[in-house]
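What follows is one structure encoded as structure tokens, with my remarks underneath.
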Amino acid sequence: MNASGRHFRMVLLGIILAGALRPALSADLVVHEWGTITTIHAADGTPAGGLNSIDKADVLPDFVHRYEPETTRYKPERILGKLPNIPGRPDITMRLETPVIYFHPPPNKAYTAPIDITVRFRGGVINEFYPDGAASVALDRERIADKMHEGVITTEWNGDVLNNYVVGGLRWKGLRLHDTVVAPLTRSEIWLAPREVNSVSVFSPEAGEGEQYLFYRGVAHLDALLATKTTRGSVELSTPANLAWLESAAVVPNVWLADVRADGIIAFRSQPAVTLKKENAGKGLAKVKRFSGGDYTADGAAQLRSSLKKALIAQGLFADEAEAMLNTWKASYFQKPGLRVFYIVPREWTDYFLPLEFSVPARVTRVIVGRIDLE
């Protein structure tokens, strides 16, 4: 073959490869989400309630939209909203915190399609969000079908008991993606940190509001994915007794035990992956040794942060998204004194309890960190 023939063949091969690769890289909208689920356990592992009572520092800016169902709005003892200096509902055992959603459209191409997004929360209520959307709460029709037929209950939630039959909902309609939008002014560090990401902005024409990301959070009557028992010498991790969401098995890829002293010095240990299996409900997974004086180091916070960031990226977040998450949670993760467990939530749990639907094709990565504060 002469030189011109070889050149033609190389050009043709390049065209074929480019045609094969380009759809895989740019055909779909890329969507990345991160967030935290927080629980608090007593030494014997009993989950604490009242978790809608929050620290003043965790209160969101006033422009964030709040949703309180009619059935709880006028009953102070039944309010679901996250507020400081309140007793909190005893049946709120989990906080869904700062899930944010970023959008990465195909490069060098305007993305003009309107996007509808619906998220539901099994066992909980989504009660804070931005931009504005349509929030709701109902009972799971499929799970209560027999009881409805018997006339025991209806599809209306009366607000008295938060349990697995309750399903919160939130829908955004007609969202548009833009290079920039006019985002609300704020000095809130926990609101500003997630903006430091190289993604496109999202705008709701219906609400006239935009931001670098979609935001929502809520409260639930759910258990952590790891049961705990704390003694002087160790923290024992077990498979929870209730695994109704699990088909057979799910891997928790990363687990950390961390202790933040009052002076801000941190000790931590990372654990190998553990597997949750239905047949092992209630059985032990690992025993993590507690810390002694030599385990606390000046660079402990930096090392823990680095370990968490590596795991977040391994789960699919971009580096700037992982940084944004850790900066958002800097005070609660690395500065608030206390003993706590962190773990990466399996995607199976997230998709079951927080099903997320898009009206357009999208490649979705969802990374949730579980946090258990140990009393």
Exercise. What is the ratio of the Cα radius of gyration of segment 50-222 to 2.2 N^0.38 Å, where N is its residue count, to two decimals?
Worked result: 1.13
Seminar exercise, completed: Stokes-Einstein, Kirkwood over Cα pairs, segment 254-303, 10 °C, 1.306 mPa s; D in µm²/s equals 126
Seminar exercise, completed: Row for segment 162-201, column shape: gyration tensor on C-alpha, a ≥ b ≥ c, rounded if a/c < 1.5 i.e. under 1.5, prolate if a/b over b/c, else oblate; value oblate
Exercise. Once you wrap a convex hull around the alpha carbon atoms of segment 217-339, what is its projected area averaged over all directions, in nm²?
Worked result: 8.8
Exercise. When the label point is put 7 Å from the Cα of Arg195 along its Cα-to-beta-carbon vector, which residues of segment 53-74 have a backbone N closer than 17 Å?
Worked result: 60-65
For this session: Could you sort 131-137, 48-54 so that the peptide with the highest average Cβ count within 10 Å comes first and the rest follow in order?
Result: 131-137, 48-54
Exercise. So what is the relative contact order of segment 50-222, in percent, for Cα pairs below 8 Å that sit 6 or more residues apart?
Worked result: 32
Exercise. Normalised by the residues of the chain, what does the relative contact order come to in percent, with Cα pairs under 8 Å and at least six apart?
Worked result: 22
Exercise. Once fully extended, how much extra length lies between Thr297 and Lys336, figured as 0.36 nm per residue of separation less the alpha-carbon to alpha-carbon distance?
Worked result: 12.4 nm
Problem set entry | Cross-link pairs beyond the 23 Å C-alpha cut-off, checked among Lys82/Lys330; Lys229/Lys289; Lys229/Lys336; Lys82/Lys336; Lys283/Lys309; Lys229/Lys277 | Lys283/Lys309
Problem set entry | segment 283-375 - convex hull of alpha carbons, volume per residue in Å³ | 146
Problem set entry | Sequence-distant lysines (8 or more away, or on other chains) whose Cα lies within less than 24 Å of Lys75 | Lys56
For this session: Treating only the Cβ atoms of Lys and Arg (+1) and Asp and Glu (-1) as charged, compute the dipole magnitude of the chain about its Cα centre; round to the nearest 20 debye.
Result: 1040
For this session: Measure out, as a whole number of angstrom, how far apart the alpha-carbon centroids of segment 207-238 and segment 330-367 sit.
Result: 8
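Each reported figure results from applying straightforward, stated rules to the coordinates on display, with no laboratory input. Treat the numbers as computed from the prediction; the structure is a model and nothing was measured. So basically every Cβ, Gly included, is an ideal-geometry build from the backbone, and we count neighbours across all protein chains shown.
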